[in-house]
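What follows is a single structure, written as structure tokens, with notes after it.
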Amino acid sequence: MGKFFISLGALVMTGLVAGSLVYGATTTGAVTVSVTAQSISVAVTDGAVAYGSLALSATGSTTASGVTDDSQTATNDGNQAETFNIKGQNASSTGTPWTLAGTIGSDQYKHEVCTSTCDSTPTWRTLSTGYITLDTNKAQSGTSVFDLQISMPSGSSDAYQHSADLTVQAIAYP
């Protein structure tokens, strides 16, 4: 009789478990997902500066009173707020390159950037081969106008034309 009781108990327990599964309901819900790829991009116009011929130890700038009135414009052509950075580099030549430095010297030149009141009371910041901040929190299509100033070496090993290129970088803000 004990065996019969155990079997009957197992059947009752199985029925309860199966019954709870039968009465349970399964539902689903949908989630609509959209995403846009982040685009970080900067364009610089006009993107070319020609200081012309400058004497040793002379300074030339792109301001209205400089050797060339040629301000540059960086534009956020990405799809979110950006920070613009800028850096210089050593000036290349078919002769002896010039080293970008904080002060002029023999085969050593200085390059600077200004971002506000450049035509009247400029505040020049010295460029190096590492990035410095040009402008921050520029909205999509936002622009930054900047001027450049070059200080010629105090002496040069040659009189060849030198290319003192700059790089403007965009990074996501913040």
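The values are calculated or read from the model by the stated rules, or taken from the named source; none is laboratory data. None of the values given here were measured: they were computed from a predicted structure. Here Cβ is always computed from backbone atoms with ideal geometry, including for glycine, and neighbour counts include all displayed protein chains.
Of the residues making up region 94-116, one or more are under 21 Å from residue 53 (Cα atoms) and aromatic (Phe, Trp, Tyr). With the structure loaded, tell me whether residue 78 is in contact (Cβ under 8 Å) with a residue 40 or more places away in the chain, within 13 Å of the chain's Cα centre (by Cα) and not in a strand (DSSP E or B) or whether it fails that test. Spelling it out, residue 78 is indeed in contact (Cβ under 8 Å) with a residue 40 or more places away in the chain, within 13 Å of the chain's Cα centre (by Cα) and not in a strand (DSSP E or B). Being in a loop (DSSP other than H, G, I, E, B) and closer than 21 Å to residue 168 by Cβ is the filter here; which residues of region 62-75 pass it? Within region 62-75, 62, 63, 66, 68, 69, 70, 71 meet the criteria.
Of the set (1) within 14 Å of residue 49 (Cβ to Cβ); (2) surrounded by 20 or more Cβ atoms within 10 Å (Cβ to Cβ); (3) not β-branched (Val, Ile, Thr), all apply to residue 82 but (1).
Residue-level check: of (1) modelled with pLDDT of 95 or more; (2) surrounded by 12 or more Cβ atoms within 10 Å (Cβ to Cβ); (3) touching a Phe, Trp or Tyr at 6+ places or on another chain (Cβ under 7 Å), residue 94 misses just (2). A single entry from 19, 2 fulfils the requirement of being surrounded by 10 or more Cβ atoms within 10 Å (Cβ to Cβ) and either of a type outside the set (S, T, N, Q) or modelled with pLDDT under 55 (or both): 19. All conditions but one from (1) in contact with an Asp or Glu (Cβ under 9 Å, 6 or more places away or on another chain); (2) in contact (Cβ under 8 Å) with a residue 24 or more places away in the chain; (3) not polar (S, T, N, Q) apply to residue 125; the one that does not is (2). More than 18 Å from residue 134 (Cβ to Cβ) and surrounded by 13 or more Cβ atoms within 10 Å (Cβ to Cβ), is that true of residue 75? It is false that residue 75 is more than 18 Å from residue 134 (Cβ to Cβ) and surrounded by 13 or more Cβ atoms within 10 Å (Cβ to Cβ). Within region 82-107, the set of residues being assigned to a strand (DSSP E or B) and more than 27 Å from the chain's Cα centre (by Cα) comprises 105, 106.
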